[in-house]
Amino acid sequence: RLGIEVKDFGPSWRSGVAFHSVIHAIRPELVDMDIVRKRSNRENLEEAFSVAENELGIPRLLDPE
């Protein structure tokens with residue numbers, strides 16, 4: 001639906017878009033994919049991990065670095 005292809009466990013996740021897509025699939029109101037596509041990789045990863053932790057109760061196990 002969102003046109004996001006995940007082909008591996010590395011580069012496909014680097015931009016943060018795939019993480020946001022997973023969140024969007026669960027709770028679409030938490031993610032504006034138009035904004036996600038315009039932000040930097042680091043901003044996307046930080047936001048996705050923060051939303052996952054604060055809104056979905058998923059502990060942060062990764063760091064955007």
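A short reminder: the numbers here are calculations on the coordinates, not readings from a lab. The structure presented is a predicted model; accordingly, all values stated were derived computationally and were not measured. Note: ideal-geometry Cβ built from the backbone for every residue, glycine included; neighbour counts use all protein chains shown.
Numbers for the structure displayed
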| item | result |
| --- | --- |
| Simple Cβ-charge dipole of the chain, Lys/Arg +1 and Asp/Glu -1, about Cα centre, in debye nearest 20 | 220 debye |
| At most 11 other Cβ within 10 Å, DSSP loop - chymotrypsin sites (Phe, Trp or Tyr not before Pro), the range 1-53 | Phe9 |
| Top positive-direction residue, dipole computed over the range 11-56 with Cβ charges, set Ala48, Pro28, Ser15 | Ser15 |
